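Undergrad: Sharing a structure, written as structure tokens. Questions coming.
What follows is calculated from the coordinates using simple rules that are stated; it is not laboratory data. Values in this document were obtained by computation on a predicted structure and should not be read as measured data. Please note: Cβ atoms are built from the backbone with ideal geometry, for glycine as well, and neighbour counts cover all protein chains shown.
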Amino acid sequence: MTNATMYTRVLESDASCNGRFFTGVLTTGIYCLPACKARKPKPGNVRFFPSCEAARAAGLRPCKKCHPDDFARGADPILEDVETLVTEIRANPAAFADVRAVVRRSGFGTTRFFELVRQHFHTTPADILLRARLEFAKQQLLGSRAPLATIAGDAGFESLSVFHQQFKTCNGLTPAAYRGLATTRKFLLELPGGFLLGYLRRALSRDIHSVTERFVGNHYTGAVQLRSGPALLKLTLSPQSVHAEILGARPPSAATPATRPGRPALPAAAEAHAIVVGLLGLDEDAAAFSRLAKRLGLARLVAGREELRISRTPSIFDGILWSIIGQQINFPFACLLKRRLTERTGAPLPGGLFAPPTPAAVSALEPADLLPLQFSRQKADYVVQTARLIVEGKLDLEKLRTMSATRAERTLLAVRGLGPWSVNYLMMRSLGFPDCVPLGDTGVTSGLHALLKLEERPGLDGTRRLMSIFSPHRSLATAQLWQFNQPIPT
Ligand SMILES: [Zn+2]
């Protein structure tokens with residue numbers, strides 16, 4: 001990075017540069033992380049250092065606001081404070097009557113705390129609290145016989161009707177229907193008004209070589225890996241609702257040693273429900289993004305697509321495979337490689353589909369096994385090594401879902417083969433973080449080029465700057481840019 005680039009990142013308080021360099025300010029004698037929110041120095045007073053040691057050797061002292069030495073040591077006390085509080089909220093959401101109680105407990109000022117939650121969790125304290133209440137209630141619904149009113153109270157909802165309404169909005173069904181998933185293989189999800197079935201169909205049938213899913217008319221069939229093993233997920237879609245049915249899943253009691261000890265048995269239908277909510281993007285705030293786009297004077301970005309949601313991958317491993325396989329090749333070829341890997345490692349299911357590859361099956365391969373399938377040597381290596389990390393427990397996919405966005409990003413960036421594009425793609429398409437940009441993505445740069453009538457396609461820094469106006473909804477902005485200038489699906 002040039003000095004000018006580093007200075008720009010400092011002005012933007014770009015947290016992704018933390019650790020890559022340190023900013024020394026000669027007038028104050030202090031050195032900072034690039035993301036430090038202290039007053040920005042004049043360019044003439046700044047010197048950049050590769051390490052804390054180098055800054056100290058030049059006679060500078062660490063900033064008391066951003067704690068650069070802690071960061072360099074791998075500690076991040078402010079982030080850890082916020083994460084600890086979120087863990088507390090999730091464990092006992094009823095202990096927090098409202099957002100004010102959360103802010104009080106945090107010890108930060110209101111503005112600062114909101115900013116920290118936005119930076120590290122991509123959302124608001126109110127949203128963290130609501131989702132914690134909903135998750136808590138889900139566990140109670142499946143794991144206890146308590147009446148709904150008791151569960152609503154124990155989760156911290158102010159009334160049964162608020163519980164009912166919020167639950168249905170995020171999950172597509174009522175709390176009572178969710179409880180019923182313990183004993184059924186079928187369920188019905190209600191779709192929000194204006195749901196864009198055409199765009200969902202496009203998302204679910206874009207893999208032209210897929211052998212794990214099939215979309216015919218209004219019927220979607222996808223092979224999925226549940227905890228108990230592979231199963232078929234059948235969806236029948238209409239503009240108002242989705243009928244889901246799960247076929248071939250073994251009952252949880254028949255779980256094989258592949259299931260980790262200590263994990264509660266989750267009914268197949270509840271697991272399938274979570275997958276379907278992700279496929280539909282039911283819990284995403286499409287309306288909030290549309291309002292933001294309009295406020296920015298960019299109504300044309302969402303015109304005819306205000307309800308657009310991100311269809312998430314059925315599993316995190318599926319997202320990992322896409323994000324590695326899709327690097328630097330065109331999409332149809334990526335689909336072809338994915339198909340060959342699936343045929344090599346996935347099990348055939350009744351009806352002609354294949355079960356998606358598991359980390360165990362891929363880790364049992366040697367990279368050389370993938371070369372005849374036209375994987376590059378490097379890509380073969382990344383795919384197999386990442387699967388091995390998962391199998392060896394060094395990369396815990398389920399834990400990623402509970403991490404802060406900052407922690408998930410750092411964890412994934414440490415995996416060889418996952419660069420910033422892959423990591424952000426994965427965080428957005430598999431983990432559901434709402435404020436990600438897969439930087440360098442040609443769909444994003446050409447979308448911005450057309451949307452803002454720019455003279456040329458923006459580079460990395462330009463993309464980062466332009467996308468910042470869409471925070472904290474940059475994932476939905478990315479999805480909208482991917483569709484901008486594409487024909488409207490029928
Ligand atoms: Zn500082």
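Undergrad: Counting other C-beta atoms within 10 Å, which of Ile390, Ile320, Ile208 has the fewest, and how do the rest follow?
TA: Going from sparsest to densest Cβ surroundings: Ile208, Ile390, Ile320.
Undergrad: Further question: Where does each of Ser16, Ser228 land when they are ranked from fewest to most other beta-carbon atoms within 10 angstrom?
TA: By the 10 Å Cβ count, ascending: Ser16, Ser228.
Undergrad: Which value, in debye to the nearest 20, describes the size of the charge dipole of segment 76-183 about its Cα centre when Lys and Arg Cβ atoms bear +1, Asp and Glu Cβ atoms bear -1, and nothing else is charged?
TA: 400
Undergrad: Next question. With point charges of +1 on the Cβ of Lys and Arg and -1 on the Cβ of Asp and Glu, referenced to the Cα centre of the chain, which listed residue (Phe215, Ser16, Leu476) lies farthest in the positive direction of the dipole?
TA: Toward the positive end, the furthest listed residue is Ser16.
Undergrad: Here is a further query. Please identify every one of the chymotrypsin sites (Phe, Trp or Tyr not before Pro) in segment 1-71 that sits in a loop by DSSP and has no more than 12 other beta carbons within 10 Å of its own beta carbon.
TA: Of the chymotrypsin sites (Phe, Trp or Tyr not before Pro), not one in the loops of segment 1-71 has a Cβ with at most 12 other Cβ atoms within 10 Å.
Undergrad: Let me ask another. When the convex hull of the C-alpha atoms of segment 316-483 is computed, what volume per residue in Å³ does it have?
TA: Considering the Cα atoms of segment 316-483, their hull volume per residue is 128 Å³.
Undergrad: Would you work out if segment 46-166 is rounded, prolate or oblate? Take a ≥ b ≥ c from the square roots of the eigenvalues of the alpha-carbon gyration tensor; rounded if a/c is under 1.5, else prolate when a/b is larger than b/c, oblate otherwise.
TA: Verdict is prolate for segment 46-166.
Undergrad: Between the DSSP loop rule and a limit of at most 12 other Cβ atoms within 10 Å, which trypsin sites (Lys or Arg not before Pro) in segment 98-158 are left?
TA: Sites meeting the loop and neighbour criteria: Arg145.
Undergrad: Give the shape of segment 3-72 as rounded, prolate or oblate, defined through the alpha-carbon gyration tensor: a ≥ b ≥ c are the square roots of its eigenvalues, a/c under 1.5 means rounded, and otherwise the shape is prolate if a/b is larger than b/c and oblate if not.
TA: Judged from the Cα gyration tensor, segment 3-72 comes out rounded (a/c under 1.5).
Undergrad: Sticking with this structure for a sec: Kindly express, to the nearest 10 degrees and within the range 0 to 90, the angle between helix 420-429's C-alpha long axis and the longest C-alpha principal axis of the chain.
TA: It works out to around 40 degrees.
Undergrad: Something else: What's the angle, to the nearest 10 degrees (0 to 90), between helix 331-345's Cα axis and the longest principal axis of the chain?
TA: Once rounded, the angle reads 60 degrees.
Undergrad: Tell me, Thr150, Thr463, Thr174 in order of fewest to most beta-carbon neighbours within 10 Å?
TA: In order of increasing Cβ crowding within 10 Å: Thr150, Thr174, Thr463.
Undergrad: For segment 411-490, which trypsin sites (Lys or Arg not before Pro) are in a loop by DSSP, counting at most 16 other Cβ atoms within 10 Å?
TA: When the trypsin sites (Lys or Arg not before Pro) of segment 411-490 are filtered for loop state and at most 16 Cβ neighbours within 10 Å, Arg416, Lys453 remain.
Undergrad: Under 28 Å from the Cα of Lys138, which lysines turn up, not counting those fewer than eight places away in the same chain?
TA: Lys138 reaches Lys168, Lys186, Lys234, Lys399.
Undergrad: Taking the Cα centroid of segment 402-433 and of segment 351-365, what is the distance between the two, rounded to the nearest whole Å?
TA: Each part's Cα centre sits 23 Å from the other's.
Undergrad: Cysteines without a disulfide-compatible partner in the chain, using Cβ under 4.7 Å as the rule?
TA: Cysteines lacking a close Cβ partner in the chain: Cys17, Cys52, Cys170, Cys335, Cys436.
Undergrad: Once you order the gyration tensor axes a ≥ b ≥ c over the Cα atoms, which shape class does the chain get: rounded for a/c under 1.5, otherwise prolate or oblate by comparing a/b with b/c?
TA: Here the chain falls in the prolate category.
Undergrad: Mean residue ellipticity at 222 nm from the helices of the chain, using -39,500 (n - 2.57) per DSSP H segment of n ≥ 4 over the full residue count, to the nearest 500 deg cm²/dmol?
TA: So the helix-based figure for the chain works out to -14000 deg cm²/dmol.
Undergrad: Quick one: dipole size for the chain, taken about the Cα centre, charges +1 on Lys/Arg Cβ and -1 on Asp/Glu Cβ, in debye to the nearest 20.
TA: Here the chain has a charge dipole of around 460 debye.
Undergrad: Now for a different question. Please give the peptides 407-413, 296-302, 39-45 ranked by average Cβ packing (other Cβ atoms within 10 Å per residue), highest first, as a rough proxy for protection.
TA: Going by the mean number of other Cβ atoms within 10 Å, highest first, we get 407-413, 296-302, 39-45.
Undergrad: Okay, next question. Restricting to Cα pairs below 8 Å that are 6+ residues apart, what does the relative contact order work out to for segment 1-86? Please round to a whole percent.
TA: With pairs under 8 Å counted, the relative contact order is 28 percent.
Undergrad: List, in order, the whole-Hz ³J(HN,Hα) value for each residue of segment 217-231 obtained from phi through the Karplus relation with A = 6.51, B = -1.76, C = 1.60 and θ = phi - 60°; use x for Gly and Pro.
TA: Values, residue by residue: x, 9, 10, 10, 10, x, 7, 10, 9, 9, 4, 8, x, x, 8 Hz.
Undergrad: Another question, if that's okay. In percent, what relative contact order does the chain have, based on Cα pairs under 8 Å that are 6 or more apart in sequence?
TA: Once normalised by length, the contact order is 10 percent.
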